[in-house]
Structures are given as structure tokens and as C-alpha cells.
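Visitor: Following this message is one structure expressed as C-alpha cells.
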Amino acid sequence: MLAAGLVLAVLASGAPLDPREPGVHSVVYRAETVISAPQQRVYDLITNFDGYARWNPWVVKASGGTAPGDEVRVDVLLGPVRMAAKHTVLNGVPGQRFCWKDAGWNALFVYGQRCRTLTTQPDGTVLVTNELLVDGVLSGGTDLFIGKAMKDGMQAENAALKRTAEA
């Protein structure tokens, strides 16, 4: 009976590489910024992992592929703590939306997913929405212990992305 319930839950959640929608236990952090640069330039910065060390103050090192299912390894700064993390690239829209989910040991306890969505505005600027979804029964604890560091990191990343794309 339990196994059947787990199978139904997986099937109801969509394809394993589709980004998850927020649920009852979800905490969602969002940072937005408007960038005066071509949308493709902004997307290229987000998906050029080798370049993160040059511009990104939050994800200070990254490597991996950008196709759905590819692994991405990063070093992220959570306040003063540098932490290695492993992610799996999710389905997105090339040039418009890039997402990954946590794939390290912490994913056994809390689901984490980050999507960066780019929308060209009527005036030609690009709205960047950086969204981090933390889900599961332990999401409240995650919010309590590292929520501020994650929000601060997202804001710092967006500001640096803006400076770099507009340069």
C-alpha cells in the first residue's frame, strides 16, 4: 500500500526533470532585477559556469553541463561558510529559463530548486527573476538556519549579474 502511494506521488509530480511547483511545506525566496542588456547575454552569463568565479559573489565556483539531467557542482557562500553542492539541471526554456535542483545528501531531507527566468520587457530591458524553492517537512528549519544567507546570496548574485551584463 505504501509503495503504491509513493508511485502515485511520483507520477503526480510530473516528469522527474520538470521544476516543482510550491506545495504546503514550501518556502520560496525570490529576487528580481531589471537589466539593460540583451536577454541572450544575460542567459549566457547564467549558463557559463566557468565564468561564475569572475562575477558571482554567491556561487563562487561552478562546473558541469547545461542540458536537462546534467550534473552541476558549485561552491556557494552561505554567509561566511563556503559549501560544496551538487545539482541536477532541470527542464527549462533555452534563452529564457534555467533551473536546477539539489542532488547532494541534503536532497534526502529537503528538496531545493532554483530557477532563473528572463523576460524581455516592452522597453527592451530584461526582468530577471531568481527563485529558490525549498520544500519538504524540514523546509521551515532550513529557512530558520540559512534562509537569510540564501536571500542575501540571491540579491548579491542578481546585483552582480546586472553589473556584469550591463558592462
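The values are calculated or read from the model by the stated rules, or taken from the named source; none is laboratory data. These figures come from a predicted structure and were not determined experimentally. All Cβ positions, glycine included, derive from the backbone under ideal geometry; neighbour counts span all protein chains shown.
Visitor: Looking at 99, 115, which one is out of contact with any His (no Cβ under 8 Å at 6 or more places or on another chain), within 13 Å of residue 30 (Cα to Cα) and at pLDDT 95 or above?
Guide: 115
Visitor: Before we move on, is residue 67 part of a loop (DSSP other than H, G, I, E, B) and touching a residue at least 12 places away in the same chain (Cβ under 8 Å)?
Guide: Answer is yes for this residue.
Visitor: Please state which one of 12, 37 is at negative phi and either of a type outside the set (A, V, I, L, M) or at pLDDT below 95 (or both).
Guide: Answer to the check: 12.
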